[in-house]
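Below is one structure, written out as structure tokens, with a few remarks after it.
The values are calculated or read from the model by the stated rules, or taken from the named source; none is laboratory data. Nothing here was measured: the structure is a model prediction, and the numbers come from that model. Quick reminder, even Gly has a Cβ in these numbers, built from the backbone with ideal geometry, and neighbours come from all protein chains shown.
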Amino acid sequence: MSIRAQTFTAKGGPLYDYYGYYYRQQFNIEVSGLPTVADSAFGLEMVMLNIHHDRVSDLKITLENPAGASIWLTNRNGKDTGRNYISTSFSQFGKDGLISNAKAPFTGNYRPDGQMEFLNSGQNPNGTWKLYIEDLKADVTGALDSISLTFGNKPAHAIITTRCDLAHIALCKCANENKSGELLPDMVIVPAFTRNQIHEYAWNDPIYPGQLRLAATIANIGYGPLEIKGTKEWICGGQRVDSPQQCPDGNMSRLRVKQRVYSKQNDSLTFKEYDAGTMYFENKQGHNHYHVDDWVEFRLVKKVNGKRVIVARGRKVSYCLFTTGIFYNSDKLSYINGKQYGETMPNYGLGNYPTCNFDQQGISVGGYDTYGMMYEGQYMNLPKGLKKGIYTLEIEIDPHHWYKESNKKNNVFSMQIPISKQQQ
């Protein structure tokens with residue numbers, strides 16, 4: 001039976017500025033009278049926002065359903081000068097592309113930063129939906145004018161092509177058409193995100209002096225998920241401690257992690273776990289969750305007399321690993337090294353990682369994890385005296401080589417970039 005689409009709207013209010021501590025402002029949308037299950041037949045179709053704010057890259061906006069499942073609608077997009085969200089709608093296949101690749105005021109229909117289908121996974125849609133807005137940078141304020149949720153019979157839903165999952169391992173494929181073998185991930189940088197979000201700031205910029213800021217999106221194009229499991233072993237400076245705590249050097253203790261690697265043995269599933277570095281609780285604004293240490297490293301390279309010279313190196317950046325988005329065959333962004341990725345990939349969607357917790361994090365097959373150019377740590381400091389010219393940007397995934405993959409040779413992405421501002 002077809003059910004008519006229904007829209008629920010709530011008014012907003014003034015947005016609080018950032019005052020140096022973590023705060024999520026909550027706006028409620030009351031939903032009632034719908035079928036009691038949101039799934040592929042009926043559920044959330046579209047979200048619409050209207051926000052007036054003169055620097056929207058300050059804002060992280062999250063939508064949570066009554067069952068507690070949540071996604072990022074948009075997280076620090078708009079670069080450093082974007083203003084407002086005007087009649088900005090979000091749907092699973094937004095015709096105007098990903099919100100992270102768009103320009104303010106974002107008037108149109110976009111794919112959100114998170115996966116909307118997580119909100120239609122069998123939960124009851126009736127009840128209180130919550131919109132959370134976090135302002136992550138001081139000195140600019142704004143207002144939420146309104147938020148609308150539309151439900152209907154064309155909801156966001158998981159695209160299933162083979163039904164390969166950890167409960168139906170017989171339907172999964174191994175590399176090279178083998179009947180058995182490890183289902184290894186293969187992590188690569190998605191070029192389109194970095195090319196769309198990279199900016200050089202002059203040495204005297206009042207906010208980002210001498211920085212090269214950039215986005216990095218890591219995708220899994222392998223046969224198995226990248227899955228990280230937290231242990232119970234906390235360490236401070238190499239010494240084991242009893243619990244998460246501040247270490248004598250002022251840093252937070254680290255939790256040792258293992259990578260779980262699945263194998264298909266004919267029609268059965270096995271797994272092994274391997275030591276894979278550490279994670280920690282990141283309490284900076286916009287985070288308040290667990291980050292895997294030293295996930296990527298940024299470098300700026302120049303050839304001098306035929307030799308490769310690193311002229312700038314960013315600190316190794318830690319990431320919260322979860323599937324913020326997934327490739328579709330129709331995506332322009334999912335061309336990597338001349339090949340298109342999407343729902344026809346073997347084992348597409350294998351692994352389920354909607355959040356990043358201390359006990360489990362990961363990136364599913366065909367999924368990706370994005371860190372935009374306005375996120376903390378997404379930059380290199382350009383050295384004083386750096387001359388104008390053409391340089392090579394390098395982004396390396398897993399620079400310590402802690403994780404098992406099917407192909408380590410594609411872990412370094414490089415692109416030429418012009419440095420146009422003389423650094424003083």
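Couple of notes before you dig in:
- Within the stretch 3-52, if we keep just the residues that are in contact with a Gly (Cβ under 9 Å, 6 or more places away or on another chain) and among the small types (Gly, Ala, Ser), the residue that is nearest to Lys154 (Cα to Cα) turns out to be Gly43.
Matching residues to (1) over 30 Å from Tyr16 (Cβ atoms); (2) among the acidic types (Asp, Glu):
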| residue | (1), (2) |
| --- | --- |
| Phe193 | no, no |
| Gln197 | no, no |
| Ala202 | yes, no |
| Gln211 | no, no |
| Glu227 | yes, yes |
| Arg256 | yes, no |
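- Residue match in the stretch 150-162 (condition: part of a strand (DSSP E or B), over 30 Å from Ser414 (Cβ atoms) and not small (Gly, Ala, Ser)): yes
- Of all residues in the stretch 58-78, those satisfying the criterion of being surrounded by fewer than 20 Cβ atoms within 10 Å (Cβ to Cβ) and not in a strand (DSSP E or B) are Pro66, Ala67, Gly68, Ala69.
- Pick from the stretch 88-99, criterion crowded, with 18+ Cβ neighbours inside 10 Å and touching a strand residue (DSSP E or B) at 6+ places or on another chain (Cβ under 6 Å), ranking: farthest from Ile61 (Cα to Cα): Gly94
One line per residue, one yes/no per condition, for (1) touching a Ser or Thr at 6+ places or on another chain (Cβ under 6 Å); (2) within 29 Å of Ala143 (Cβ to Cβ); (3) of a type in the set (A, V, I, L, M):
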{"position": "Tyr23", "(1), (2), (3)": "no, yes, no"}
{"position": "Gln26", "(1), (2), (3)": "no, yes, no"}
{"position": "Ser32", "(1), (2), (3)": "no, yes, no"}
{"position": "Thr36", "(1), (2), (3)": "no, no, no"}
{"position": "Ser40", "(1), (2), (3)": "no, no, no"}
{"position": "Leu44", "(1), (2), (3)": "no, yes, yes"}
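- Beta carbons closer than 6 Å, at least 6 apart along the sequence or on distinct chains, pair a first residue in the stretch 213-232 that is farther than 10 Å from Val190 by Cβ with a second that is of a type in the set (Ser, Thr, Tyr) for Arg213/Tyr379; Leu214/Thr194; Gly222/Ser406; Gly224/Tyr262; Pro225/Ser364.
- Filtered residues of the stretch 241-261 (kept if within 20 Å of Ile228 (Cβ to Cβ) and part of a strand (DSSP E or B)): Met252, Arg254, Leu255, Arg256, Val257, Lys258, Gln259, Arg260, Val261
- Residues located in the stretch 158-211, provided they are without any contact (Cβ under 8 Å) to a residue 60 or more places away in the chain and at negative phi: Ala167, His168, Leu171, Asn178, Asp205, Pro206, Pro209
- If you go through the stretch 365-396 and keep only what is out of contact with any helix residue (DSSP H, G or I) (no Cβ under 8 Å at 6 or more places or on another chain) and closer than 18 Å to Tyr290 by Cα, you end up with Tyr368, Asp369, Tyr371, Tyr375, Glu376, Gly377, Gln378.
- Of the residues contained in the stretch 98-106, none is found to be over 30 Å from Glu297 (Cα atoms) and in the same structural domain as Tyr223 (by TED's automatic domain parsing).
- Residue match in the stretch 114-133 (condition: in a strand (DSSP E or B) and more than 23 Å from the chain's Cα centre (by Cα)): yes
- The residues of the stretch 296-325 that are among the small types (Gly, Ala, Ser), in a strand (DSSP E or B) and either closer than 30 Å to Ala156 by Cβ or free of Cβ contacts under 8 Å to residues at least 60 places away in the same chain (or both), listed by number, are Ser318, Gly325.
- The stretch 236-263, residues that are in contact with a Leu (Cβ under 8 Å, 6 or more places away or on another chain) and within 29 Å of Asn220 (Cα to Cα): Gln259, Val261, Tyr262, Ser263
- Hits in the stretch 1-37 (condition: at pLDDT 95 or above and not in a strand (DSSP E or B)): Ser32, Gly33, Leu34, Pro35, Thr36, Val37
- Some residue of the stretch 326-340 being touching a residue at least 12 places away in the same chain (Cβ under 8 Å), closer than 26 Å to Phe271 by Cβ and surrounded by 18 or more Cβ atoms within 10 Å (Cβ to Cβ): yes
- Residues of the stretch 242-260 that are over 30 Å from Leu350 (Cα atoms) and surrounded by 15 or more Cβ atoms within 10 Å (Cβ to Cβ): Cys247, Met252, Ser253.
- Qualifying residue in the stretch 212-235 (condition: in the same structural domain as Ala192 (by TED's automatic domain parsing), surrounded by fewer than 16 Cβ atoms within 10 Å (Cβ to Cβ) and in contact with a Cys (Cβ under 6 Å, 6 or more places away or on another chain)): no
- Test for Arg313: is it among the basic types (Lys, Arg) and either within 28 Å of Tyr290 (Cβ to Cβ) or surrounded by 15 or more Cβ atoms within 10 Å (Cβ to Cβ) (or both): yes
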